[in-house]
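The next block holds one structure in the form of structure tokens; read it before the comments.
The values are calculated or read from the model by the stated rules, or taken from the named source; none is laboratory data. What you see is a predicted model, and the numbers here were worked out from it, not measured in a lab. All Cβ positions, even for glycine, are placed from backbone atoms using ideal geometry, and neighbour counts span all protein chains on display. To get the accessible areas, we keep the full protein, side chains included, count just its heavy atoms, and leave off ligands, DNA and RNA. Shrake-Rupley method; radii C 1.70, N 1.55, O 1.52, S 1.80 Å.
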Amino acid sequence: MTKAPGSREGKTSGRGQRDLRVRVKTAKGRKLSSKLWLERQLNDPYVVRAKREGYRGRAAYKILELDDKYRFLVPGARVVDLGCAPGGWCQVAVARVNALGEKSGKKIGRVLGLDLQEVDPIAGAEIHQLDFLSDGADDQVKEWLGGPADVVMSDMAASSSGHKNTDHLRIVALVEAAAQLAFDVLEPGGTFVAKVLAGGAETEMQALLKRNFEKVANVKPPASRSDSSEKFVVALGFKGRPDEDAPED
Ligand SMILES: C[S@@+](CC[C@H](N)C(=O)[O-])C[C@H]1O[C@@H](n2cnc3c(N)ncnc32)[C@H](O)[C@@H]1O
């Protein structure tokens, strides 16, 4: 049976019980930070579960948990996945939107993923390598998409510079670019999901999303590590683009 997410699998559990945590010896040449990272990976129930269930990474559980709550990955949905490497979110989306047509009688969806890095192919997903902050990236994605989308989701994260403010500005730029694409391609009623950092871009971005969507939720799914400042904004019910031909007030 699958253990519940967040179960205390493998942790020290009181007197008289064995400590089941995997410990990593500090080998010659291995830095303490690498040892701690490896130890965390080996003892993380989501990492163990991802391996067992065939997901490319523990990140898959974040979108599974968000979708279990808000139900935007429905059969037939057209999804854009920004920052998709190594591909966990795409795997979840392919199954839930029925991109392979495996659920008979259900609508067939589509998954378009992109990332700075190369991604091993995923059956049912169309994946491209692209820097989403480069000039013309937005138009390129629209061309690949060739029409509207129902979901734009972004797990994009720039690698840490070690400088808090710089990291913060980078993630703000990524979220803003993702939101801009969402405004351009979403069908009315569509959903925008994006990773943000707590304390980031908050006020302006939240206000912008609230103007353009029926509901905006800020969520930290259980699979998101408690020691990380990441959280997700889930904006539901896109109100649609303002009619460009409409006379201005
Ligand atoms: C946390 S990982 C995504 C994990 C993914 N959701 C999954 O389930 O496998 C963040 C990704 O964002 C990508 N990324 C960061 N900046 C980007 C950019 N400017 N354009 C495209 N991808 C970017 C990184 O290359 C990285 O693969």
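To keep it simple, each residue is scored yes or no on (1) of a type in the set (A, V, I, L, M, F, W, C); (2) not in a loop (DSSP other than H, G, I, E, B).
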position: Val47; (1), (2): yes, yes
position: Arg52; (1), (2): no, yes
position: Gly57; (1), (2): no, no
position: Ile63; (1), (2): yes, yes
Quiz item: Going by the conditions given, is Gln129 farther than 16 Å from Ala177 by Cα, open to solvent by 20 Å² or more (accessible area, probe 1.4 Å) and near the ligand (Cβ under 8 Å from one of its atoms)?
Solution: no
Quiz item: Quick one: would you say Asp139 is open to solvent by 90 Å² or more (accessible area, probe 1.4 Å) and more than 10 Å from the ligand (Cβ to nearest atom)?
Solution: yes
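Conditions tested, residue by residue: (1) within 13 Å of the ligand (Cβ to nearest atom); (2) in the same structural domain as Phe232 (by TED's automatic domain parsing); (3) under 18 Å from the mean Cα position of the chain (by Cα); (4) not hydrophobic (A, V, I, L, M, F, W, C).
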position: Glu118; (1), (2), (3), (4): yes, yes, yes, yes
position: Ala125; (1), (2), (3), (4): yes, yes, yes, no
position: Ser134; (1), (2), (3), (4): yes, yes, no, yes
position: Ala149; (1), (2), (3), (4): no, yes, yes, no
Quiz item: Taking the stretch 198-218 on its own, how many of its residues are modelled with pLDDT under 95 and β-branched (Val, Ile, Thr)?
Solution: 1
Exercise. Output the qualifying pairs, or none if there are none: Cβ atoms under 9 angstrom, residues six or more apart or on different chains, first residue in the stretch 140-157 and in contact (Cβ under 8 Å) with a residue 40 or more places away in the chain, second residue basic (Lys, Arg) and more than 15 Å from the ligand (Cβ to nearest atom).
Key: Leu145/Arg78; Leu145/Arg110; Gly147/Arg78; Pro148/Arg78; Ala149/Arg78; Ala149/Arg110; Asp150/Arg78; Val151/Arg78
Quiz item: Which residues, counting only those in the stretch 65-75, are free of Cβ contacts under 8 Å to residues at least 60 places away in the same chain, assigned to a helix (DSSP H, G or I) and open to solvent by 20 Å² or more (accessible area, probe 1.4 Å)?
Solution: Asp68
Quiz prompt | Leu114 vs. criteria more than 21 Å from Val216 (Cβ to Cβ), open to solvent by less than 40 Å² (accessible area, probe 1.4 Å) and not small (Gly, Ala, Ser) | solution = yes
Self-check item: Selection count, the stretch 224-244, where residues are touching a Gly at 6+ places or on another chain (Cβ under 8 Å) and either surrounded by fewer than 16 Cβ atoms within 10 Å (Cβ to Cβ) or at pLDDT 85 or above (or both)
Solution: 2
Quiz item: Yes or no: Leu145 in contact with a helix residue (DSSP H, G or I) (Cβ under 9 Å, 6 or more places away or on another chain), surrounded by 15 or more Cβ atoms within 10 Å (Cβ to Cβ) and at pLDDT 95 or above?
Solution: yes
Quiz prompt | Selected residue (only one of Gly105, Gly29 is over 15 Å from the mean Cα position of the chain (by Cα), part of a loop (DSSP other than H, G, I, E, B), surrounded by fewer than 11 Cβ atoms within 10 Å (Cβ to Cβ) and modelled with pLDDT under 95) | solution = Gly29
Self-check item: the stretch 76-102, subset within 16 Å of the ligand (Cβ to nearest atom) and on the phi > 0 side of the Ramachandran plot, residue surrounded by the most Cβ atoms within 10 Å (Cβ to Cβ)
Solution: Gly87
